[in-house]
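Student: Structure provided below as structure tokens; questions to follow.
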2 protein chains.
Amino acid sequence: MVEKTPVGFIGLGIMGGHMAGHILSAGHPLHVHNRTRAKADSLVARGAVWHERPGDVAGAAEVVITIIGTPADVERVYLGADGLVARARPGSVLIDATTSSPSLAERIAAAASAKGVTALDAPVSGGEVGARDAKLAIMVGGDAEAVERVRPVLALMGGNVVRMGGPGAGQHAKMANQIAIASTMVGVCESLAYAKGAGLALDSVLKVIGSGAAQSFLLNNLGPRMAKDDYKAGFYVHHFIKDLGIALAEAERMRLDLPGLALARRLYEELARQGHTQDGTQALFRLYGASVRA
Amino acid sequence: MVEKTPVGFIGLGIMGGHMAGHILSAGHPLHVHNRTRAKADSLVARGAVWHERPGDVAGAAEVVITIIGTPADVERVYLGADGLVARARPGSVLIDATTSSPSLAERIAAAASAKGVTALDAPVSGGEVGARDAKLAIMVGGDAEAVERVRPVLALMGGNVVRMGGPGAGQHAKMANQIAIASTMVGVCESLAYAKGAGLALDSVLKVIGSGAAQSFLLNNLGPRMAKDDYKAGFYVHHFIKDLGIALAEAERMRLDLPGLALARRLYEELARQGHTQDGTQALFRLYGASVRA
């Protein structure tokens, strides 16, 4: 019998909880940590081992996966004095699935490499449904050999695991994803705001334009929610604002002017100022209720 | 044997040529006019009757369909002294499939109504392939009874014929379509410009992000062309600029501020200033070659 690789998992939120569950189900010894311990309870009941600190997880596993809040959290958990890089076993692989800064991913990879450890960035796309059904798209950046070594573990969480390049390339691909979403969302909101202003029935509009050149995942999936003023969160406004900020900062580093992205961020920040940070991203439509002030 | 309704068709460009051909194939007597006569040759060879002036077509048909250049062309052909409204048979139906101004569509419908004629606006979506395969989406505005009367003729050209409301409502739906396209295109360009700047392989990026929340018809169909710097026209930049201008003017009338649409127009006008009016709309990606100055 082959002993399965011990895996660590840090960050057991909506996404991480599902992802860690798949790894446990596949028979890997699982070591977990989360800021709020209660979220680990169901995994611990199924056999996962709880650790008080992220560094302790790294000390116990060959492969450690993280999916946590912000780049600041990622920096602390990886590069802090008692963090993952400091405590990782030689030869182990650290995988950050948080949507975070490509530059930070590069710094973490370099720091890990200096310790004989490999760090990969591997942000995901597909939302809670993708996480639950193990159908995430996983965009990986980092050492090619290490990617192949951990591919069987990543494949437990997603059907579309693509190496995009060296350290940071996974985060860059995720940023490209968020940049496309940003302006597409603006287009969907403005299309429906116009249609509403013109007195059209939004369900007829969605039916007609949703099958032609204006078709998009956002139009087809979030358009109907906008039409019903349903702003329940699939993906939070405040998380999206974080992502747009990272993307703009990176674009600035490349001296690339992205006026559509800059506009989308201004609009989402206005939405946040109005108190809607806990809404889903489709709540951008709120701004077009009467007139947009951006 | 039932005699089929005589149909008139004015505007035999790429779209109109295919559309008129379907009507002729279905056995309707067809009366045609076009600015450039040569484009009518193949239809005339198949039995269509050529007329020197648009008004003459109206005098010969029960249903007249137009798909011509700009709102100024539409105004002249419909409302000119010897135009369609002046010459139409009492009880006939005039259908404008041009993407044109909703306000003009309302004026034409009123002028026609005063003469005992019904005018409908019925812009289409689906491009040359949709026209060729009779699979256009057709967004109709105008009198409900008249729409039902001409539905069998419209159905010869498109599988998705939806009445959106009264006069102008079809044009409004088409504007909603173009507004969604405008910002989505900006998002696709900026996503790929970012990915290129980050040194990613664009085909890998398209493969990963084209199946998730960033998915859109434009990303999946025009993204690969952008990646190859293929700017051959499916839909011309100068036509799109015309549409964006109409949409912005209408939004202004509604006192609706659409900053994404305004940005897209500025970018497309910059592209036109650089001489790319005869490119396809995906040529917006040219602006992101180094840096955007908009």
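The values are calculated or read from the model by the stated rules, or taken from the named source; none is laboratory data. These numbers come from a predicted model, not from an experiment. Neighbour counts are summed over all protein chains in view; Cβ atoms, including those assigned to glycine, are modelled from backbone coordinates with ideal geometry. Accessible surface is based on the protein model in full, side chains and every heavy atom, while ligands, DNA and RNA are left aside. Shrake-Rupley method; radii C 1.70, N 1.55, O 1.52, S 1.80 Å.
Student: Answer yes or no: is there a residue in the stretch A:208-221 that is closer than 23 Å to B:L219 by Cβ, open to solvent by 40 Å² or more (accessible area, probe 1.4 Å), more than 26 Å from the chain's Cα centre (by Cα) and not assigned by TED's automatic domain parsing to the domain that holds A:P102. Break it down into steps so the answer makes sense when it comes.
Tutor: Taking the stretch A:208-221 as the starting set, the residues that turn out to be closer than 23 Å to B:L219 by Cβ are A:208-221.
Filter once more, so that each one left must be open to solvent by 40 Å² or more (accessible area, probe 1.4 Å): A:211, A:217, A:220-221.
Adding the requirement that they be more than 26 Å from the chain's Cα centre (by Cα) leaves A:211.
Next, only the ones that are not assigned by TED's automatic domain parsing to the domain that holds A:P102 stay: A:211.
Yes, because at least one residue in the stretch A:208-221 is closer than 23 Å to B:L219 by Cβ, open to solvent by 40 Å² or more (accessible area, probe 1.4 Å), more than 26 Å from the chain's Cα centre (by Cα) and not assigned by TED's automatic domain parsing to the domain that holds A:P102.
Student: Let me ask another. For the stretch A:94-145: of the residues being open to solvent by 20 Å² or more (accessible area, probe 1.4 Å) and touching a strand residue (DSSP E or B) at 6+ places or on another chain (Cβ under 7 Å), which is farthest from the other protein chains (Cβ to nearest Cβ)?
Tutor: A:T118
Student: For B:Y194, only one of the following conditions fails: (1) within 7 Å of another protein chain (Cβ to nearest Cβ); (2) within 30 Å of B:T66 (Cα to Cα); (3) open to solvent by less than 20 Å² (accessible area, probe 1.4 Å). What is its number?
Tutor: Condition not satisfied by B:Y194: (2).
Student: Which one is least open to solvent (accessible area, probe 1.4 Å) among residues in the stretch B:3-43 that are in contact (Cβ under 8 Å) with a residue 60 or more places away in the chain and in a loop (DSSP other than H, G, I, E, B)?
Tutor: B:G11
Student: Would it be correct to say that B:A182 is buried (at least 24 other Cβ atoms within 10 Å of the Cβ), within 30 Å of B:P224 (Cβ to Cβ) and facing another protein chain (nearest Cβ under 8 Å)? So that I can check it myself, show each step before the final result.
Tutor: Numbers: buried (at least 24 other Cβ atoms within 10 Å of the Cβ): yes; within 30 Å of B:P224 (Cβ to Cβ): yes; facing another protein chain (nearest Cβ under 8 Å): yes.
So B:A182 passes the test.
Student: Kindly establish whether B:D96 is within 20 Å of B:S125 (Cα to Cα) and among the acidic types (D, E).
Tutor: On the way: within 20 Å of B:S125 (Cα to Cα): yes; among the acidic types (D, E): yes.
Considered against the rule, which asks whether it is within 20 Å of B:S125 (Cα to Cα) and among the acidic types (D, E), B:D96 comes out as yes.
Student: Further, regarding this structure: Hey, any hits in the stretch A:93-111 for a residue that's assigned to a loop (DSSP other than H, G, I, E, B) and more than 13 Å from the chain's Cα centre (by Cα)?
Tutor: No.
Student: So which residues in the stretch B:44-67 are part of a loop (DSSP other than H, G, I, E, B) and touching a Lys or Arg at 6+ places or on another chain (Cβ under 8 Å), if there are any at all?
Tutor: Scanning the stretch B:44-67 gives B:A61, B:E62.
Student: Working only within the stretch A:272-291, note down all residues that are open to solvent by less than 40 Å² (accessible area, probe 1.4 Å), assigned to a helix (DSSP H, G or I) and more than 10 Å from A:I241 (Cα to Cα).
Tutor: A:Q282, A:A283, A:L284, A:F285, A:L287, A:Y288
Student: For the stretch B:152-165, enumerate the residues that are more than 7 Å from every other protein chain (Cβ to nearest Cβ) and either touching a Ser or Thr at 6+ places or on another chain (Cβ under 9 Å) or free of Cβ contacts under 8 Å to residues at least 60 places away in the same chain (or both).
Tutor: Passing the criteria: B:P152, B:V153, B:L154, B:A155, B:L156, B:G158, B:G159, B:V161, B:R163.
Student: Still on this model: Return the total of residues in the stretch B:225-247 being open to solvent by 50 Å² or more (accessible area, probe 1.4 Å) and either modelled with pLDDT of 95 or more or away from chain A (no Cβ under 11 Å) (or both).
Tutor: Final tally of qualifying residues: 8.
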